[in-house]
Amino acid sequence: MRRRLLLTSTVALLGATACTSSGGSGIDALSQSSGSAASSAPSASSAPSGGSNLSTSGGSSTPSAPGGSATTTLSPAQKALNAMTEAQRVGQLLMVDCPSTAVASATVTAIRTYHVGSVILDGTTTAGRTVVARVTAGLRAVAPAKVQLLISTDQEGGYVQRLQGYGFSRIPSGVQQGRIAPTTLRADARTWGAELKRVGVNVDLAPVMDTVPQGFSPNPPIGDLDREYGHSPYAVRTHGVAFLQGLNDAGVAATVKHFPGLGRVTGNTDTTAGVTDTATTRDDPYLAPFRAAVRQHVPFVMVSTARYAQIQPGVPAIFSRTIISGMLRHDLGFTGVVITDDVGGAKQVAGYPVGQRAVRFIQAGGDMVLTIDATQARVMTQALLAQVRASATFKKLVDAAALRVLQAKQRFGLLH
């Protein structure tokens, strides 16, 4: 994502360090509501859950006094949703940018005025952990204390390592990580994740689960930048899973990307329109790394903005109900948060009105819209709220998506 930034600062990004923890596929469970909710909010029985490892204890019935009706215990996520206005719920569906070195006024406005609930630290910095920690503290200070921010960055390694300098290891590229034993890579990723958590970053927009076939060139978004773990779905699966497990060990949410894959395209969706994958099918073998990540209960999956001619021709994946609700939700069984690749500056979606980028993604079954232009929060919010007022069906989609985001926040200790 945001290859323009990568290619204008194609310096300084290589290295490695360490992290691990034992444990199998599980990631800490989160209680899920299964009881009734306020009339305007979805209950766990009417809305998709926020993770396939959720426990149902958060919605269990508790016997009442003799002669009374049973009561229902709501999860913290459901309680938070029930207390929100529709505008606040819509705010949970947006992630906007903030420079990695200072809190921008546009970001503050997005959080305070439009209730935006998530931020991406954008732009590569070598300022080190003290500066980054100051930025995340400033962001938390302007956000609600009871429903805290998801603060993310791109910390993959190689050319894509946003946070550098003192306190941050130099992370090797995906290609180099693919040569490390998975158990060692998990240990490394735990260390890298701990470095993020120490400065207040709780979401890493990594690992990359795209597979670039041997000899496939050019592949500007992945292969040309050495972001892939290998040239087979097996290599990508084993190392990508190790990376996301390490992040989880450190208490940082992983985000696998870019579903259903950018390894077989010849254009960069950030800088080019009409980028189309002509190979990937609904049951493609190259989906195996994403399927494995879902089985590991990864909390976030990022969907690409490319088009997939063999699946739904002419429609960017982020607007495709077949890809999001069909392939990712139904076929792979993913119940966590679906997030877009950048829709703020990407040429691939420049032909769509800003507000419609958000509306069409939610209609397709997505949850969180990522834009590297925080000023777009106003237009996106207005468009989403207008559609909520116009359609009861869309309102249910918004409320269900907001619940999934809040469940992710509950899972990572951000609800109080």
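Annotations for the structure displayed:
- Solvent exposure of segment 228-329 amounts to 28 Å² per residue of accessible area, where only protein heavy atoms count and the probe is 1.4 Å.
- In this Cβ point-charge picture (+1 for Lys and Arg, -1 for Asp and Glu), segment 232-327 has a dipole of about 160 debye about its Cα centre.
- Cα-centred dipole magnitude for segment 164-313, charges only on beta-carbon of K, R (+1) and D, E (-1), debye, nearest 20: 300
- For V119, distant residues with modelled amide H under 5 Å away: V96, L150, I151, S152
- Long-range amide H partners of A206 with built H, under 5 Å: T255
- Extension gain, Q214-S105: 0.36 nm per intervening residue step, less the Cα-Cα distance, totals 34.7 nm.
- Solvent-accessible area, 1.4 Å probe, carbon plus sulfur percent, for segment 301-359: 49
- At full extension, T278 and A133 could sit 47.9 nm farther apart than now, given 0.36 nm per residue minus the alpha carbon distance.
- Under-5 Å amide H pairs with N219, H placed in peptide plane, nonlocal only: D224
- Integer Hz, Karplus 6.51/-1.76/1.60 couplings in order for segment 119-124, x for Gly and Pro: 9, 10, 7, 10, x, 7
The values are calculated or read from the model by the stated rules, or taken from the named source; none is laboratory data. Note that the structure is predicted; figures quoted are calculated from it, not measured. FYI the Cβ positions are ideal-geometry reconstructions off the backbone, even for glycines, and counts take in every protein chain you see. Calculation scope for accessible area: heavy atoms of the full protein, side chains included, ligands and nucleic acids excluded. Shrake-Rupley method; radii C 1.70, N 1.55, O 1.52, S 1.80 Å.
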